[in-house]
Amino acid sequence: MTKVAIVGASGYSGEELVRLLLSHPHAELVAVTSRQQAGQTVAQVFPKFASHPRARALRFVEPNAGLLAKQAEVVFLALPHGVAAEFAVPLLHGGARVIDLSADFRLKSAALYKEFYAHDHPAPELLCDSVYGLPEVHRAAIRGATLVASPGCYPTSVLLPTLPLLRAGLIKPQGIIADSMSGVSGAGRKAELDYLFVECNESVRPYGVPKHRHLSEIEEQLALAAGVPVTIQFTPHLIPVNRGILTTLYLAPAKHFSTAEEAAALGAQITACYEAAYASEPFVRVLEGKALPDTKNVVGTNVLELAWRLDTRTGRLLVMSAEDNIVKGASGQAVQSFNVMCGYPETAGLL
């Protein structure tokens, strides 16, 4: 059993981490922190977990990095960007391994971080040591990491469908367009006018246009795969559901196609590419036949669904993905990285 702790356990991602780690066969949840909930048990804050003995005994405490580093071997940070780094530094110095769900360590460039997050990076010296926590892509690096930067929800929905195609040279790195729709939980557990029920229900709206913060890590990871700088058009939308992300990507194939024969040949290459990338991956489901991604099939799971279509009329490749923004897009993926780091079966606690 690996002793684990969660800093910022009262938000949506923190709550999901509590759920996953309470039932994880190889994790012992020894500490959960929240300034607002300090003193209350996990069962009092989250009654849905009240049947679990540990939830009735474990109490929220004020965050103390020095103490947490002594209590836990691995610490999950479910904190806002800027705040997470302040805890990561002393935790790492104290000998703990850190999995950060914020954006603080996803980028390798402190200047790029400042451009997108509007303040200086709190710990730029750690950026070179962090590993981007996309297990299907960076599994080997995650295995030996002390600091894992778990990807954002939108980037996960864009990168897993796109990276294999870029690496195989099947699509052009230019002209990528991504449209994404996310449930309201993606905004976090906070009381703001834009996210009240009456404001969100029966409403669909874009936001973060034209420069959403997640663009920074999406483009950085795509550029690493392509070997050249990549700039994409990304538009996120808020939709009136609790959880789930659906992303549609519009991609330009590297080879022009206009006939059925050319499309069939390209289609065979795309199929082979995804087969090579994900056939043995437990949490990426490439759909076959007429099936298309649907959030109802992935909500509550750590699975990302994807499907693709070639459009001979426009000459474009359309790739669609669906995921749970809190599980595969946040806490589930973080636990997946935890399993890799500790040498446990990657599916432990996630199936």
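Scanning the range 83-116 for residues that are more than 23 Å from ALA141 (Cα to Cα) and touching a Ser or Thr at 6+ places or on another chain (Cβ under 8 Å) gives VAL83, GLU115, PHE116. In the range 302-332, the qualifying residues are those that are among the β-branched types (Val, Ile, Thr) and more than 11 Å from the chain's Cα centre (by Cα), and the one that is farthest from ALA272 (Cα to Cα) is THR314.
Applying the selection to the range 103-122, what residues are touching a residue at least 40 places away in the same chain (Cβ under 8 Å) and in contact with a His (Cβ under 7 Å, 6 or more places away or on another chain)?
ALA103, ASP104, TYR113, TYR117
For the range 319-351, residues that are surrounded by fewer than 16 Cβ atoms within 10 Å (Cβ to Cβ) and hydrophobic (A, V, I, L, M, F, W, C) total 1.
Among the residues making up the range 286-306, those that are under 15 Å from ILE245 (Cβ atoms) and in contact with a strand residue (DSSP E or B) (Cβ under 7 Å, 6 or more places away or on another chain) are LEU292, PRO293, ASP294, THR295, ASN297, VAL298, VAL303, LEU304, GLU305, LEU306. Within the range 218-243, if we keep just the residues that are farther than 22 Å from VAL327 by Cα and touching an Asp or Glu at 6+ places or on another chain (Cβ under 7 Å), the residue that is surrounded by the fewest Cβ atoms within 10 Å (Cβ to Cβ) turns out to be THR231. Among the residues of the range 27-81, those identified as among the small types (Gly, Ala, Ser), touching a Gly at 6+ places or on another chain (Cβ under 9 Å) and farther than 13 Å from SER10 by Cβ are ALA27, ALA65, GLY66, ALA69. Per the conditions (1) surrounded by fewer than 18 Cβ atoms within 10 Å (Cβ to Cβ); (2) in contact with a helix residue (DSSP H, G or I) (Cβ under 8 Å, 6 or more places away or on another chain); (3) under 24 Å from SER13 (Cβ atoms), the sole criterion not satisfied by ASN201 is (2). When THR2, THR41 are checked against the criterion of being without any contact (Cβ under 8 Å) to a residue 24 or more places away in the chain, out of contact with any Ser or Thr (no Cβ under 9 Å at 6 or more places or on another chain) and of a type in the set (Ser, Thr, Tyr), THR41 stands alone in meeting it.
Going residue by residue through the range 54-72, is there one that turns out to be at pLDDT below 95, buried (at least 19 other Cβ atoms within 10 Å of the Cβ) and under 24 Å from the mean Cα position of the chain (by Cα)? Within the range 54-72, none of the residues are at pLDDT below 95, buried (at least 19 other Cβ atoms within 10 Å of the Cβ) and under 24 Å from the mean Cα position of the chain (by Cα). Looking at the structure I just gave you, is GLU202 more than 23 Å from the chain's Cα centre (by Cα), in a loop (DSSP other than H, G, I, E, B) and over 24 Å from PHE116 (Cα atoms)? So GLU202 passes the test.
Whether a residue is touching a Phe, Trp or Tyr at 6+ places or on another chain (Cβ under 7 Å), modelled with pLDDT of 95 or more and part of a helix (DSSP H, G or I) was assessed, and GLN269 does not pass this test.
For the range 5-45, the candidate set comprises residues that are under 16 Å from ASN302 (Cβ atoms) and of a type in the set (Gly, Ala, Ser); within that set, the residue that is surrounded by the most Cβ atoms within 10 Å (Cβ to Cβ) is SER13. Would you call ALA103 surrounded by fewer than 16 Cβ atoms within 10 Å (Cβ to Cβ) and either more than 19 Å from VAL18 (Cα to Cα) or of a type outside the set (Gly, Ala, Ser) (or both)? No. Under the condition of being part of a loop (DSSP other than H, G, I, E, B) and either among the small types (Gly, Ala, Ser) or in contact (Cβ under 8 Å) with a residue 24 or more places away in the chain (or both), the residues counted in the range 272-295 number 10.
The values are calculated or read from the model by the stated rules, or taken from the named source; none is laboratory data. Since this is a predicted model, take the numbers as computed values, not measurements. Backbone-built Cβ (ideal geometry, glycine too); neighbour counts: all protein chains shown.
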